[in-house]
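The values are calculated or read from the model by the stated rules, or taken from the named source; none is laboratory data. What you see is a predicted model, and the numbers here were worked out from it, not measured in a lab. Quick reminder, even Gly has a Cβ in these numbers, built from the backbone with ideal geometry, and neighbours come from all protein chains shown. Please note that ligands, DNA and RNA were not included when accessible areas were found on the heavy atoms of the full protein model with its side chains. Shrake-Rupley method; radii C 1.70, N 1.55, O 1.52, S 1.80 Å.
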Amino acid sequence: MIASSVILDQEVVIHHPDLVNLYGCRVGAGTRIGTFVEVQKNAIIGRNCKISSHSFICEGVTIEDGVFIGHGVMFTNDPYPRAVNSDGELFSEDDWEVVPTLVKRHAAIGSNATILPGVTIGEGAQIGAGAVVTKDVPGYAIVAGVPAKIIGRVQDASASIPFSGRI
Ligand SMILES: CC(C)(COP(=O)(O)OP(=O)(O)OC[C@H]1O[C@@H](n2cnc3c(N)ncnc32)[C@H](O)[C@@H]1OP(=O)(O)O)[C@@H](O)C(=O)NCCC(=O)NCCS
């Protein structure tokens, strides 16, 4: 289902519109979205991204242009989630705050990675399959594992962007 609240730019390709769940989000021109993807309200996806099947992009996530999202990638936006308060009443939207996440341009996230709330994934960074990303990832770093650690550097990284920092 693609809700009427979704803003799709030109030439967005959604292979099976009946097998996705998109609401209140914005998707940039040329982006492709696979089956069984959910994109929540207030998520923003840039131009020419590839969002592979079974991924979940929640409220508060911003994905810049040219980003690759593998299969089954899970974003999160609440570090300490609860269903109910101490009285056993269901939490409402007013009971918690979305913690935003940013994926910078040309980054790539491997299949089955989990991205914890509040991190920034740097430009051109590569996240390994199955990684749990708990901290910011520097531009053009390759990270993998649980928790994700730097294991290398993307070889064709722009020389103008220095590689620094530790995760
Ligand atoms: C992270 C990744 C980019 C690393 O590739 P690479 O730089 O060629 O790394 P290598 O294969 O040389 O592995 C280097 C080390 O990291 C380990 N490693 C590689 N990928 C890993 C991963 N995803 N999780 C944990 N460890 C990983 C290797 O076992 C190796 O460890 P060792 O030195 O102890 O033997 C790649 O393995 C990966 O996960 N790519 C994502 C694939 C994917 O999900 N594609 C989605 C669409 S199909």
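Computed from the Cα positions only, the extents of the range 104-148 along the three principal axes stand at 21, 19, 12 Å, in decreasing order. Stretching the chain fully between V84 and H16 yields a gain of 21.0 nm (0.36 nm per residue, less the alpha carbon separation). Accessible surface area normalised per residue over the chain is 53 Å², counting heavy atoms of protein chains with a 1.4 Å rolling probe.
Once you reduce the range 98-128 and the range 36-77 to the center of their Cα atoms, the two points are 10 Å from each other.
Computed on the Cα trace of the range 1-139, the radius of gyration divided by the Kirkwood hydrodynamic radius gives Rg/Rh = 0.98.
Could you work out the relative contact order of the chain? I mean the mean sequence separation of Cα pairs under 8 Å and 6+ apart, divided by the number of residues, in percent.
On the way: 506 pairs, mean separation 21.0, N = 167.
Relative CO of the chain lands at 13 percent.
Extending 7 Å from the Cα toward the beta-carbon at both I7 and D136 defines two label points whose distance is 2.7 nm.
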